[in-house]
There are 2 protein chains.
Amino acid sequence: MFDGSLAAEVDSAERRARLRLARSKRVGPVTFHEALAHFGSARAACHELATTSEADIVREEKALAALSGQFIVWGDPAYPAPLAALSDAAPVLSAVGDAALLARPMLAIVGARKASLAGRRFAGQLAQSLGIQGFAIVSGLAHGIDAAAHEASLASGTVAVLAGGIDQVYPPQNAALHAAIAERGLLLAEAPLGAPPVARAFPRRNRIVSGLSQGVTVIEAAARSGSLITARCAAEQGREVFVMPGSPLDPRYAGSNDLIRDGAILTRDANDILSVLGLPHSTSQPIERPQKIRSGTDTAKVLEALGPTPTAVDELVRRCQVSAAAVAEVLLALELDGRLERHRGNCVSLI
Amino acid sequence: MFDGSLAAEVDSAERRARLRLARSKRVGPVTFHEALAHFGSARAACHELATTSEADIVREEKALAALSGQFIVWGDPAYPAPLAALSDAAPVLSAVGDAALLARPMLAIVGARKASLAGRRFAGQLAQSLGIQGFAIVSGLAHGIDAAAHEASLASGTVAVLAGGIDQVYPPQNAALHAAIAERGLLLAEAPLGAPPVARAFPRRNRIVSGLSQGVTVIEAAARSGSLITARCAAEQGREVFVMPGSPLDPRYAGSNDLIRDGAILTRDANDILSVLGLPHSTSQPIERPQKIRSGTDTAKVLEALGPTPTAVDELVRRCQVSAAAVAEVLLALELDGRLERHRGNCVSLI
């Protein structure tokens, strides 16, 4: 297999040929790399095989450019080295957003869609702490844990790997987060533009989530859940698997506890991850500390209205004369700081 | 050190001398065994040392007999072999209840006084399952986890090791459980009758809890909690340490998760314990299945009044025209069966 570090030798014709080969029918990642090895170059392979036309590639490239996106081809200098090393490395990735994040050390945080509040809070705390330390946080833009990890690392650097084409917003409820990551983070997709996120695309996507990352953190994986596939990919790829433990009485932790029994690293906080991976060093851009999401005024109003006694969020909105969205964001920030507790009936209290 | 299996050679005079030596001032367990080794017998030691008088021993023996209790002296056939093997084995144990339990394979279940409902339920489930399999369940008769473990194993075999003398009821709120164990299980104490359960007695007691047991199961150990001392004793004594994992966001699991990180066995259910210890074989008496605590009539009344909607326990008592204690026992039985959920405000619902 080619080494990513030899990328400078890939000229534009060979790069275009790789795109054609990658987008051809019946050419998966393994076939792509085997064809390169067999024919010596994608250009040679395109001479011999029925590959996608140059015109199709130009069309997709234009559509991607319209989204301010670009292709990152296996062999490009921007192609992330940890992923390039795999035998089934994605031949091409569509990228929208800040591609400089690909040079960062990355850590994946994945988990349940139907996550508990505690799980989402833990995901947010880890993503924020490790983001500040310099890790780009990788996840899959699903509901629950994935979304919490992306939200908490939007300011420091977040990378969402999609199962469908990069123009496919999925799940639709995460449209705002998808847009925010396109603007402030990085969206990646192996599938061509327009490809719907079909069921079989998710396990393929999961191998990229782990393949980009030095380690995968699993939060609330039930038995037979998708996060276990990501964890297995990580183990096969020689990446660390970190797992938040949970009660054996909570089925959301059945897969998680099984992973720990099988040798994954029980993870209590960010330090348990940093003590294994070390602090990241090769940061190519300065890390901002997460910004305060809302103005100080909104935060002050909400804080004043809050106390140790549970208060309904609706009542907070009325009392503070701040929008529901603004109150929600202030509450999220407080929660990530460990200063807020949520109660039944959409009530909250200060800790 | 003497071998417990040579116990048959200990005559009644030597046994009485061991009691005198054990009850002497400044003679702890280690000194006791060193004196035996140095002088060759307790009788010889009593000739040379200023030991407690024969009269004092007779007085304590009578007081113990008044509680239907007996001394179990190191070297007695009834002295449990796993404890006898330790260099600081208790020289003498006061025993009230079914001393035949000492011949059973034992498993300790210990944990937080201020335990969560989930922790208590887990303790009860483990104690019940492993009790049915033939283990006598050992604990410390504290509030919370200890009490839940004892209650769930009252029918199959439960052993409470006290920190004070065997006549000291502590904590006072567990008086009924203390009495129930004296009648249906086994109370053990290293301290003489009348000795109050002072603070320094608890770590000494913990080494007996683990020393009796093939393994110690820790449920909800906060940082720096007493259960961690029992776990450390167990590890030093070469016994297995089993730990229920929990959320890193719950301080009740801080010590528990630390133990798992340090190599203790993450425990999801009774099978995780049985797969390490195997099924017990040397059971000296048939194991009863736990009896239904209350009559079928009471249970039927309470069940009829219960449903998936949370109902106040007070209301149940009124509606069923059954005593509060009877309702509480039926609810406990349902809870241990995993059929009952508890809610805020002393409400319960069927699962």
Single unsatisfied condition, A:Gly28 versus (1) under 28 Å from A:His178 (Cα atoms); (2) of a type outside the set (Lys, Arg); (3) crowded, with 20+ Cβ neighbours inside 10 Å: (3)
- prompt: Can you name the number of the only condition in (1) within 12 Å of the chain's Cα centre (by Cα); (2) closer than 30 Å to B:Ser247 by Cα; (3) small (Gly, Ala, Ser) that A:Ala234 fails?
  reply: (1)
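Going through B:Ser156, B:Ser129 one at a time, which residue ends up being part of a loop (DSSP other than H, G, I, E, B), touching a Leu at 6+ places or on another chain (Cβ under 9 Å) and either of a type outside the set (Gly, Ala, Ser) or over 22 Å from B:Ala254 (Cβ atoms) (or both)?
B:Ser156
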query: Does the range B:153-175 contain any residue that is touching a residue at least 60 places away in the same chain (Cβ under 8 Å), closer than 14 Å to B:Ile219 by Cβ and of a type in the set (A, V, I, L, M)?
result: no
message: Would you confirm, using the coordinates I've provided, whether B:Leu186 is touching a residue at least 40 places away in the same chain (Cβ under 8 Å), of a type in the set (A, V, I, L, M, F, W, C) and either in contact with an Asp or Glu (Cβ under 7 Å, 6 or more places away or on another chain) or within 14 Å of chain A (Cβ to nearest Cβ) (or both)?
response: yes
message: What's the total number of residues in the range B:253-267 that are among the aliphatic types (A, V, I, L, M), within 7 Å of chain A (Cβ to nearest Cβ) and surrounded by fewer than 24 Cβ atoms within 10 Å (Cβ to Cβ)?
response: 1
task: Examine the range B:39-50 for a residue that is more than 29 Å from the chain's Cα centre (by Cα), among the polar types (S, T, N, Q) and more than 26 Å from B:Ile181 (Cβ to Cβ), and state whether such a residue exists.
output: yes
message: Looking at A:Ile137 and the list (1) within 14 Å of chain B (Cβ to nearest Cβ); (2) part of a strand (DSSP E or B); (3) hydrophobic (A, V, I, L, M, F, W, C), which single condition is not satisfied?
response: (1)
task: Return yes or no: is A:Ser225 without any contact (Cβ under 8 Å) to a residue 12 or more places away in the chain and touching a Gly at 6+ places or on another chain (Cβ under 8 Å)?
output: no
query: Which numbered condition trips up A:Ala65, out of (1) within 27 Å of the chain's Cα centre (by Cα); (2) within 23 Å of A:Arg200 (Cβ to Cβ); (3) without any contact (Cβ under 8 Å) to a residue 24 or more places away in the chain?
result: (2)
task: Could you tell me which residue of the range B:197-222 is nearest to A:Ala264 (Cα to Cα), considering only residues that are polar (S, T, N, Q) and away from every other protein chain (no Cβ under 13 Å)?
output: B:Gln214
- prompt: When both residues are 6+ apart or on different chains and their Cβ atoms are under 9 Å apart, which pairs have a first residue that lies in the range B:294-313 and is in contact (Cβ under 8 Å) with a residue 12 or more places away in the chain, and a second that is of a type in the set (Val, Ile, Thr) and exposed (fewer than 13 other Cβ atoms within 10 Å of the Cβ)?
  reply: B:Pro308/B:Ile351
- request: Can you confirm whether the range A:144-152 contains a residue that is assigned to a loop (DSSP other than H, G, I, E, B), at pLDDT 95 or above and more than 28 Å from A:Ala84 (Cα to Cα)?
  value: yes
statement: Over the range A:223-252, the set of residues aliphatic (A, V, I, L, M), surrounded by 20 or more Cβ atoms within 10 Å (Cβ to Cβ) and within 14 Å of chain B (Cβ to nearest Cβ) is A:Val243, A:Met244
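The values are calculated or read from the model by the stated rules, or taken from the named source; none is laboratory data. Keep in mind the model is a prediction, meaning the values are calculated, not measured. Please note: Cβ atoms are built from the backbone with ideal geometry, for glycine as well, and neighbour counts cover all protein chains shown.
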